[in-house]
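Worksheet: one structure, shown below.
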Amino acid sequence: MASVRINRNKQGEIISYRWRACLGRDADGKQRWTTQTVLPLGMTPAKELKEMQARADAWEKSKNKHLR
């Protein structure tokens, strides 16, 4: 499951979301990560976080599909 982090400005307003997902390990045994930053949708914070998690999970599946 991709992790979703909220980025806020100094006033505490949400300015973006950062998705991070592990793609697996390379030949040396180190983890490979990928990230994506997206802008808010303009919904309530709870609904927006739920939607972002769903989109992040779909994004992670599309990234992992390319590896197989």
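The values are calculated or read from the model by the stated rules, or taken from the named source; none is laboratory data. These numbers were taken from a predicted model, which means no experiment stands behind them. When we count neighbours, we look across all protein chains shown, and the Cβ atoms used for this are built from the backbone with ideal geometry, even at glycine. What goes into the accessible areas is simple: the full protein's heavy atoms, side chains included, and nothing from ligands, DNA or RNA. Shrake-Rupley method; radii C 1.70, N 1.55, O 1.52, S 1.80 Å.
Observations on the structure shown:
- Built amide H within the under 5 Å cut-off of residue 23, gap 5+: 32, 33, 34
- Per residue convex hull volume, Cα atoms of the chain, in Å³: 85 Å³
- Relative to the longest principal axis of the Cα atoms of the chain, the long axis of helix 45-67 makes an angle of roughly 20 degrees.
- Loop GluC sites (Glu not before Pro), segment 1-62 (other Cβ atoms within 10 Å of the site Cβ: 12 or fewer; DSSP): 13
- Rounded to the nearest 20, the Cβ-based charge dipole of segment 1-52 about its Cα centre (Lys and Arg +1, Asp and Glu -1) stands at 120 debye.
- As a fraction of the 1.4 Å probe accessible area of the chain, surface on carbon and sulfur atoms comes out at 50 percent.
- Cα-based reach from residue 10 at 24 Å (exclusive), listing lysines while leaving out same-chain residues under 8 positions away: 47, 50
- 3J(HN,Hα) along segment 15-25: 10, 6, 10, 10, 9, 9, 9, 8, 8, x, 10 Hz, from the Karplus curve 6.51 cos²θ - 1.76 cosθ + 1.60 with θ = phi - 60°, whole Hz, x for Gly and Pro.
- Relative contact order of the chain: 30 percent, from C-alpha pairs under 8 Å at least 6 residues apart in sequence.
- Residue-normalised accessible area of the chain, expressed per residue, 1.4 Å probe, Å²: 76 Å²
- Ranked by the mean number of other Cβ atoms within 10 Å of their residues, highest first, the peptides 23-31, 1-9 fall in the order 1-9, 23-31.
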